Amino acid sequence: MKALTWQGKNDVRVETVPDPQIINQRDAIIKITSTAICGSDLHLYDGYIPSMEAGDILGHEFMGEVVEVGKEVTNLKRGDRVVVPFPIACGNCFFCKSDLWSCCDNSNPNAWMAEKLWGYSPAGIYGYSHLVGGYAGGQAEYARVPFADVGPITIPDGLDDEQVLFLTDIFPTGYMAAENCNIQRGDTIAVWGAGPVGQFAIVSAFLLGAERVIAIDRVPERLQMAQQQAGAEIINFDQQPVLDTLKEMTGGRGPDAVIDAVGLESHGASPDALYDRAKVATLQATDRGHVLRDAILACRKGGTVSVPGVYGGFVDKIPMGAVVNKGLTIKAGQTHVHRYLRPLLERIQRDEVNPAFVITHRMKLDDAPFGYEIFKKKQEECIKVVLKP
Amino acid sequence: MAATERDVISTAKQNRVPGRQLVAQQRNVGTVDRLISAVAGGALTTFGAMQRSAPGVALAVAGTYLIYRGVVGNCLGYKALGISTAQPSQGIAVNKAVTINKTPAELYEFWHNFENLPRFMDHLQSVTVQDNNRSHWVAKAPAGTTVEWDAMITDEQPNSSISWHSTPEASIANWGTVRFEEATGGRGTVVHVELEYQPPASKLGAIVAKLFGEEPNQQISEDLRRFKRLMEAGEIPTTAGQPRGSRSMLGKLLSPSS
């Protein structure tokens, strides 16, 4: 089959590789009909995530048709159309039973590696480095799906791929980010990063009852999408001082909750952002924390800082004084996608939201390297790329 | 390991002779490594001294450090990085715990059939139960050989604990105890495992060390993790046999999974 493989920093290639096989009896093999490039794939492309190996197949947002199932998979059959959640979860451990699917104890074969970095290991993730399992991803013609009896959700007829594909990751990720804000009537939410996850965080904050949402970015087409499609007010951080503008827009109180939908590669021209660049360049830190710092400082007293953005290692100069003295709550996590599949599918069926609004580019799997390039460089007004194998 | 884990590992002999512990802790450079270090250090010192210049002095100083590292077997760099290329040379005693989302009865039943142990204990090739109390164990030794012994169950408390001990004629004396305790709040079972392998002679000591590789602590952690996964998920997750793209020669050399 054809698959997109990681070969090094800024180097991904479509190669011909062997087809995946059933290895364990709870596996299924999916013939992929649609797959997407995620903003977090760019962290791999940019070489920010350790433990990648040349030849790794990328992609954790994919859906398709079941072509084969292991003996223990009784809920799926050949021909079923399914969306696959990006975390791999066993369904039986304490964490899965507690609805914390991305914390599954049993799905990361390289748990020892993650334990060295994070203390305990989260779930395995498709195509996202050997720290989280080294599983072959779904930017390919076929993928092996472990624990297929608990992960994939069957999609009813009448919904096309583009409406449901983002149930794999970015819609639930934006939704969980908003849910973590504990939104009350009248709340104002500020969202850093108007990429796809930011867009879904905005949409979800409104679905959960926020009165106002303010999006912060500097890419014109992303701000425009946030304003026109998702209904947010906007701040361009290249033109306006973010903290002062937010304070003014919220009548001097600050947003009730803030969402960092940017993660470890944040941009900025402030002294702390330049400091981050220097620290990362000299290997004294792994992640850049400018957005997280701003979000903490902007948040109103007693508010919530919600972090769906990906961080991998260490961030320097976190204003812990602001967290403590303003009495903030910080909530984060890889998304417990399994928890949101059914309720969000129902919202799509009820036409409350059509996730396809974020798609700007559709291309063949063969063109995926070009997709990565324009997505990274934000060329051609690229916001979201969907690939068709 | 996720959930709860407590572990203590030490060489059995070290526990009893405090003086040896100090030496063993300082020694973190393996034999071959030490030899190379000493020879290279000697060459570097000689070459440096012959230069009669400032860089030459620096080389000689570096060479002297390599000689020290070779002779004493202690590397400050390895220490800072937490690396050791020295082999443990005596027995192994391990005490670990893992929490598993099953009842004590389910776990007891699986463990009590010792023939199941090689399914998650990597150093074992097979265990054959001979009668109610006696079993024959085959462990993997270096270079495709095996070490075998018989063991007897010395104590069993249904759904609670099992203890076993090798028979007196075994070449490697070893014993173990596993206890199953209900976790708080109905959150599964805490499994406590104690294992000790105690060889009488120095040659066999080296074999015991190799049974568990260079990091016996981690290997036994992984054994218990496999036990947990087998019990909770019904299978052990793996990526062995999945497709992958091409790798450069350098990538193959550096890859941990090659």
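The values are calculated or read from the model by the stated rules, or taken from the named source; none is laboratory data. Since we're looking at a predicted model, the values are computed, not measured. Please note: Cβ atoms are built from the backbone with ideal geometry, for glycine as well, and neighbour counts cover all protein chains shown. Just so you know, the surface numbers come from the protein's heavy atoms only, side chains and all, with ligands and any DNA or RNA stripped out. Shrake-Rupley method; radii C 1.70, N 1.55, O 1.52, S 1.80 Å.
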Inset, instruction - Report residue B:177's accessible area, 1.4 Å probe, all protein chains in place, as a number in Å² to the nearest 10. - result: 40 Å²
Inset, instruction - Classify chain A as rounded, prolate or oblate, taking a ≥ b ≥ c as the square roots of the eigenvalues of its Cα gyration tensor: rounded when a/c is under 1.5, otherwise prolate if a/b is larger than b/c and oblate if not. - result: prolate
Inset, instruction - Let me have the relative contact order for segment A:258-389, percent, based on Cα pairs under 8 Å that are six or more residues apart. - result: 20 percent
Inset, instruction - Could you please state how large a percent of the accessible area of segment A:171-332 is carbon and sulfur, counting protein chains only and using a 1.4 Å probe? - result: 51 percent
Legend entry - Beta bridges per DSSP with both ends in the protein assembly as shown, % antiparallel, nearest 5: 75 percent
Inset, instruction - State the answer as a single residue: which of B:66, A:22, A:47 lies farthest towards the positive end of the charge dipole of the protein assembly as shown, with beta carbon charges of +1 for Lys and Arg and -1 for Asp and Glu, about the Cα centre. - result: B:66
Inset, instruction - For chain A, with a Gaussian network of springs between Cα atoms less than 10 Å apart, report the residue from A:358, A:305, A:323 with the top mean-square fluctuation. - result: A:323
Legend entry - Ranked by how many other beta carbons lie within 10 Å on average, peptides A:244-256, B:144-156 from highest: A:244-256, B:144-156
Legend entry - Dipole axis of the protein assembly as shown (+1 Lys, Arg; -1 Asp, Glu on Cβ), positive-most option in A:156, B:153, A:282: A:282
Inset, instruction - Partner chain Cβ atoms within 10 Å, averaged over the residues of A:103-116 - can you pull that number for me? - result: 5
Inset, instruction - Give a quick list of trypsin sites (Lys or Arg not before Pro) in segment A:1-59 that DSSP marks as loop, anything other than H, G, I, E or B, with at most 16 other Cβ atoms within 10 Å. - result: A:9
Inset, instruction - Would you work out the relative contact order for chain A, in percent, from Cα pairs under 8 angstrom that are 6 or more residues apart? - result: 17 percent
Inset, instruction - Would you calculate, for chain A, the mean residue ellipticity at 222 nm contributed by helices, counting each DSSP H stretch of 4 or more residues as -39,500 (n - 2.57) and dividing by all residues, to the nearest 500? - result: -8000 deg cm²/dmol
Inset, instruction - Provide the net charge surrounding residue A:313, with neighbours chosen by a C-beta distance below 15 Å and charges set as Lys +1, Arg +1, Asp -1, Glu -1. - result: -2
Legend entry - Candidates A:341, A:159, A:58: whichever shows maximal mean-square fluctuation once chain A is modelled as a Gaussian network with Cα springs under 10 Å: A:159
Legend entry - Estimated vicinal HN-Hα couplings, Hz - segment B:173-185 in sequence order (Karplus 6.51, -1.76, 1.60; Gly, Pro = x): 5, 8, 8, x, 9, 10, 10, 10, 10, 4, 6, 5, x
Legend entry - Lys, Arg +1 and Asp, Glu -1 on Cβ, resulting dipole of segment A:171-332 about Cα centre, debye, nearest 20: 340 debye
Inset, instruction - Give the accessible surface of the protein assembly as shown per residue, rounded to a whole number of Å², with probe radius 1.4 Å and ligands, DNA and RNA excluded. - result: 44 Å²
Inset, instruction - Could you tell me whether segment A:8-135 comes out rounded, prolate or oblate from its Cα gyration tensor? Rule is a ≥ b ≥ c as square roots of the eigenvalues, rounded for a/c under 1.5, then prolate if a/b exceeds b/c, otherwise oblate. - result: oblate
Inset, instruction - Using only atoms on other chains, find how many Cβ atoms lie within 10 Å of each Cβ of peptide B:125-131 and report the average. - result: 0
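Quick check on packing: order B:229-237, A:147-155 by the mean number of other C-beta atoms within 10 Å, highest mean leading.
Descending packing order for the listed peptides: A:147-155, B:229-237.
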Inset, instruction - Please work out how much accessible surface residue B:169 shows to a 1.4 Å probe, ignoring ligands, DNA and RNA, in Å² rounded to 10. - result: 130 Å²
Inset, instruction - Just tell me how shielded A:96-102 is by partners: mean number of partner chain Cβ atoms within 10 Å of each residue's Cβ, no decimals. - result: 1
Inset, instruction - Could you size up the charge dipole of the protein assembly as shown around its Cα centre, putting +1 on the beta carbon of Lys and Arg and -1 on that of Asp and Glu, and report it in debye to the nearest 20? - result: 1720 debye
Legend entry - Positive-end residue of A:304, A:12, A:108, charge dipole of chain A with Cβ unit charges: A:304
